[in-house]
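A.B. asks: Starting off with a structure, shown below.
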Amino acid sequence: RVILLPPSCLSLFPDQTGISGGVASFVCQASGEPKPRITWMKKGKKVSSQRFEVIEFDDGSGSVLRIQPLRTHRDEAIYECTATNSAGEINTSAKLTVLEGKISFFFSLHGFLFHLTLCVSETWFCLVVVLLSPVFILLLTKQYQCLQ
């Protein structure tokens, strides 16, 4: 006698926000009998690009979808993980938001005009502050290492 168990989702992946040029990874894990097959979809189509890597778990219980480098408008989407076997199907989804790697704005403080730029990557961020004055321009730049 063969017992069939439809897929059940063991792990859901959360919505993510990434930075343009960085990396995003989604994990999907499922169980069932026979062992479910995991597929990844973006906007209703199976993911396919050299920037998309699907890494299967050694035990076949799931996979990781890794996207690198992230592109701001191209990669923003709802990503869906589907686990399928002969007894059924289950799916879950998450949203990926991709931000530009640089934020820049002007502000005024005590009568002085400043231009602030924040640059972000996967391993560092930098802060650039420019004091704009009729008499002089002061440029302060500092790069910070991100803590893991």
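Here, each number is a calculation from the coordinates, and none is a lab measurement. Everything numeric in this text was worked out from a predicted model, so none of it was measured. Glycine gets a Cβ as well: all are built from the backbone with ideal geometry, and neighbour counts include every protein chain shown.
A.B. asks: Rank these for me by crowding, Ser63, Ser93, going from fewest to most other beta carbons within 10 Å.
C.D. replies: Ascending Cβ contact count within 10 Å gives the list Ser93, Ser63.
A.B. asks: Which stretch or stretches of segment 14-31 have amide N atoms under 15 Å from the point lying 7 Å from Arg74's Cα along the Cα→Cβ direction?
C.D. replies: 19-24
A.B. asks: Restricting to bridges with both residues inside segment 5-99, how much of the DSSP beta-bridge set is antiparallel, in percent to the nearest 5?
C.D. replies: 90
A.B. asks: Next question. Jot down the per residue volume, in cubic angstrom and as a whole number, of the convex hull over the alpha-carbon atoms of segment 18-116.
C.D. replies: Cα-based convex hull of segment 18-116, divided per residue, equals 116 Å³.
A.B. asks: So how do Asp75, Asp58, Asp15 line up by other beta-carbon neighbours within 10 Å, fewest first?
C.D. replies: If I rank by nearby Cβ atoms, fewest first, I get Asp58, Asp15, Asp75.
A.B. asks: What is the gain in length, in nm to one decimal, between Thr117 and Ala87 on full extension, counting 0.36 nm per residue of separation less the C-alpha to C-alpha distance?
C.D. replies: The Thr117-Ala87 span can extend by a further 5.4 nm.
A.B. asks: Just rank His110, His73, fewest to most, by other beta-carbon atoms within 10 angstrom.
C.D. replies: His110, His73
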